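Peer 1: Quick one: this structure, given as structure tokens, is what I'll be asking you about.
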Amino acid sequence: MKKKIITALTTAALMGAASTTFSDVPRGHWAYDAVTQLAADGVIEDYGDGTFLGNRNITR
């Protein structure tokens, strides 16, 4: 039982650490939750340097 709990907690911690955050989208920004969710879902990616650059045009 303890092993299952430890495994579940470790998995949750690793998933939280793997979530994408962008250095140019502050946590208090109105779009932070949406941008973070889109990145977690794999819809958007950063520019390789951890930035979102939300004022740039996007491509399909």
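The values are calculated or read from the model by the stated rules, or taken from the named source; none is laboratory data. Since we're looking at a predicted model, the values are computed, not measured. Glycine also receives a Cβ, built like all others from the backbone with ideal geometry; neighbour counts cover every protein chain displayed. Heavy atoms of the whole protein, side chains included, go into the accessibility calculation; ligands, DNA and RNA do not. Shrake-Rupley method; radii C 1.70, N 1.55, O 1.52, S 1.80 Å.
Peer 1: Which of the residues that make up the stretch 20-33 are under 22 Å from Thr59 (Cβ atoms) and open to solvent by 60 Å² or more (accessible area, probe 1.4 Å)? Spell out how you get there, then give the answer.
Peer 2: Here is the first cut: in the stretch 20-33, the ones under 22 Å from Thr59 (Cβ atoms) are 20, 22-25, 31.
Ser23, Asp24, listed by residue number.
Peer 1: Among the residues in the stretch 8-19, are any modelled with pLDDT of 85 or more and open to solvent by 80 Å² or more (accessible area, probe 1.4 Å)?
Peer 2: Taking the stretch 8-19 as the starting set, the residues that turn out to be modelled with pLDDT of 85 or more are none.
Checked the stretch 8-19: no residue is modelled with pLDDT of 85 or more and open to solvent by 80 Å² or more (accessible area, probe 1.4 Å).
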